1. Taking the range 204-213, which residues are more than 16 Å from LEU465 (Cα to Cα) and in a helix (DSSP H, G or I)?
2. So in the range 402-435, with the set limited to residues that are touching a strand residue (DSSP E or B) at 6+ places or on another chain (Cβ under 9 Å) and small (Gly, Ala, Ser), which one is nearest to ILE74 (Cα to Cα)?
3. Specify the residue that is farthest from THR326 (Cα to Cα); the eligible residues are those in the range 154-198 that are of a type in the set (Phe, Trp, Tyr) and open to solvent by 10 Å² or more (accessible area, probe 1.4 Å).
4. How many of the residues making up the range 21-36 are under 28 Å from LYS60 (Cα atoms) and either open to solvent by 100 Å² or more (accessible area, probe 1.4 Å) or touching a residue at least 24 places away in the same chain (Cβ under 8 Å) (or both)?
5. Taking ALA241 as the residue in question, decide whether it is open to solvent by 40 Å² or more (accessible area, probe 1.4 Å), among the small types (Gly, Ala, Ser) and either out of contact with any helix residue (DSSP H, G or I) (no Cβ under 6 Å at 6 or more places or on another chain) or part of a helix (DSSP H, G or I) (or both).
6. State yes or no: is TYR15 of a type in the set (Ser, Thr, Tyr), at pLDDT below 75 and either open to solvent by less than 100 Å² (accessible area, probe 1.4 Å) or assigned to a helix (DSSP H, G or I) (or both)?
7. Has the range 181-194 got at least one residue that is over 22 Å from ASP477 (Cα atoms), part of a helix (DSSP H, G or I) and either out of contact with any Gly (no Cβ under 9 Å at 6 or more places or on another chain) or among the basic types (Lys, Arg) (or both)?
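The values are calculated or read from the model by the stated rules, or taken from the named source; none is laboratory data. Keep in mind it's a predicted model, so treat the numbers as computed, not measured. No Cβ is skipped: glycine too gets one built from the backbone with ideal geometry, and neighbour counts run over all protein chains shown. All accessible areas refer to the heavy atoms of the entire protein, side chains included, with ligands and DNA or RNA removed. Shrake-Rupley method; radii C 1.70, N 1.55, O 1.52, S 1.80 Å.
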Amino acid sequence: MDFSNYFKLIEPWAYRWVPDLATSRLAIAGSISVGLLLLYLFYCIFFAPLSKIPGSLLSKITPARSYLHILQGISAQSAREDYFAYGDIYTIGPNTVSISNPSDCRRVLGSPEFSKHPIYRGLSVIEDVMISTLSEGDARARHKRLGHMFTHSNLSKLDDVINRGIDALFKKWDGALDQACDKQAVEINYLWHFMMTGFDIVSVHVVGQSFAMLEKDQFRVMDWASGYLSFVTVKFVLGHAAKPFLKLFRPSMVRHKDDLYAFTNQQIQERRMHLQSEKLAEMPRDALQSLLQAENDGTKFSMTPTKVSAEVAALLLAGTVSTSQTMCYALHYMLLNPTTYRKAVAEVRSAFPHSHTITYLECKEHLPYVEACIYESMRVHAIAGAALPRVAPTGGVFIQGRFIPQGTVIAVNIAGAHHHKGTWETPRAFVPERFIADPEAKKNVFAFSFGARSCPGRNLAIRELLVLLSNMLKSYDFEIPKDSLFRPDVLDEHGHVQSMPSVQAVMIGPKYPARDCRVIIRKAVQI
């Protein structure tokens with residue numbers, strides 16, 4: 001049978017109604033993709049292991065919101081408000097939960113079962129450092145090498161160093177007062193001065209010498225901090241693409257980071273030369289020397305030159321930024337709460353004469369309220385960050401009655417724990433008295449993390465904060481400038497005093513320090 005005439009008849013209709021083969025395949029692939037996407041969304045929202053845990057709908061599907069907040073520098077603020085919205089445990093990604101109950105936080109941070117998440121590798125700029133290494137053995141080895149440097153007995157030998165830092169700061173302020181028109185009052189930027197003072201103190205502990213950054217107005221300390229921390233923040237999200245990204249869009253950040261390492265390597269090289277020349281009367285007793293002695297020591301976790309450089313840079317920056325910014329917020333919150341400020345000043349000045357330099361032991365014995373102010377500022381505004389991610393152990397774990405499968409990321413919400421409604425009365429308010437009424441409340445402050453992997457420099461930080469703040473309150477009067485945007489009568493949406501905006505680049509600091517970290521100082525009236 002001849003069908004040629006039949007095909008000629010239907011050929012025009014075939015070309016009109018039958019799609020091209022390539023178009024057909026594309027349509028089928030698109031349909032399958034849409035179907036798989038809908039299936040994935042349906043699974044994540046209704047059937048995934050974490051689907052029944054509270055959290056935003058977006059967090060059930062993707063962690064994009066968390067990464068966006070990291071890049072925006074608002075992780076801590078969003079973590080705090082998410083706690084108030086969702087409670088002790090909630091999802092922040094398809095495989096990530098955030099926990100805020102202090103007892104849960106201690107359990108997770110205090111047990112080696114909950115290993116550090118690989119995201120910590122983002123903190124390693126040129127090589128792993130103590131805080132970023134995922135190896136428990138490596139972390140223990142580094143803590144052992146440096147731990148003795150931060151004991152109270154060893155830190156007591158640094159009291160003279162802290163006192164010299166105080167003397168340099170007060171000399172700077174007295175010089176500024178002498179140059180003022182009326183020689184009675186002058187405006188200074190306290191964050192910048194705290195940063196340079198902090199670097200001068202911690203550098204003695206790390207590399208054995210002070211560099212007089214405050215005396216010389218070396219603002220590159222702020223540049224180093226900004227460059228290093230911005231680089232690490234972007235690396236958290238972009239990984240190894242961080243450097244080319246910043247070189248293209250923020251080249252100054254890369255230059256500042258590289259300048260820090262150049263400075264660090266110079267100090268290391270000079271130490272090596274001194275050791276080789278044998279001109280040292282005695283072996284230095286600082287962190288750098290402990291690290292150098294661990295080079296090629298035959299152990300599994302021996303140091304290398306690159307590791308030494310990375311660790312020294314991290315110690316210098318972490319010790320400077322954490323202490324100076326905590327001091328910054330302590331003074332900021334005290335001035336926003338005049339009753340608190342007056343009470344702290346009265347405690348100091350009633351206990352010590354104007355000419356006396358207050359020591360750490362005297363602070364601990366006679367100034368509980370000043371110490372309470374420091375802990376309350378760390379509670380309200382922890383510098384360390386929003387979340388400390390760990391991984392659920394083999395077999396999974398129950399938290400707040402919810403089963404968390406093994407391999408799930410558990411983000412310890414520092415901001416949430418510090419505002420936990422079952423732990424802190426009026427958690428949004430600045431109330432140092434809570435630590436006077438219950439000294440054990442300090443255990444619920446995780447500003448230095450908790451457990452074996454907590455910050456080894458916490459004793460030095462507390463020592464420096466207490467001594468510096470106490471002597472400042474003894475010797476000077478502080479006042480918020482009249483043109484400041486943040487004053488005791490400016491309230492936030494919750495009815496509490498509005499604090500200056502902050503930004504998080506690993507650590508949390510003022511967003512606009514040049515504008516918001518100004519204060520008027522006067523010499524205290526001697527009684």
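1. VAL204, VAL206, VAL207
2. ALA415
3. PHE170
4. Final tally of qualifying residues: 1.
5. So ALA241 fits the description; yes.
6. On the way: of a type in the set (Ser, Thr, Tyr): yes; at pLDDT below 75: yes; either open to solvent by less than 100 Å² (accessible area, probe 1.4 Å) or assigned to a helix (DSSP H, G or I) (or both): yes.
So TYR15 fits the description; yes.
7. At the first step, the residues of the range 181-194 found to be over 22 Å from ASP477 (Cα atoms) are none.
No: zero hits.
Matching residues to (1) touching a residue at least 40 places away in the same chain (Cβ under 8 Å); (2) hydroxyl-bearing (Ser, Thr, Tyr); (3) more than 22 Å from ALA461 (Cα to Cα):
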{"residue": "ALA287", "(1), (2), (3)": "yes, no, no"}
{"residue": "GLY319", "(1), (2), (3)": "yes, no, no"}
{"residue": "TYR329", "(1), (2), (3)": "yes, yes, no"}
{"residue": "HIS332", "(1), (2), (3)": "yes, no, no"}
{"residue": "ARG342", "(1), (2), (3)": "no, no, yes"}
{"residue": "ALA372", "(1), (2), (3)": "yes, no, no"}
{"residue": "GLU376", "(1), (2), (3)": "yes, no, no"}
{"residue": "LEU388", "(1), (2), (3)": "yes, no, no"}
{"residue": "VAL391", "(1), (2), (3)": "yes, no, yes"}
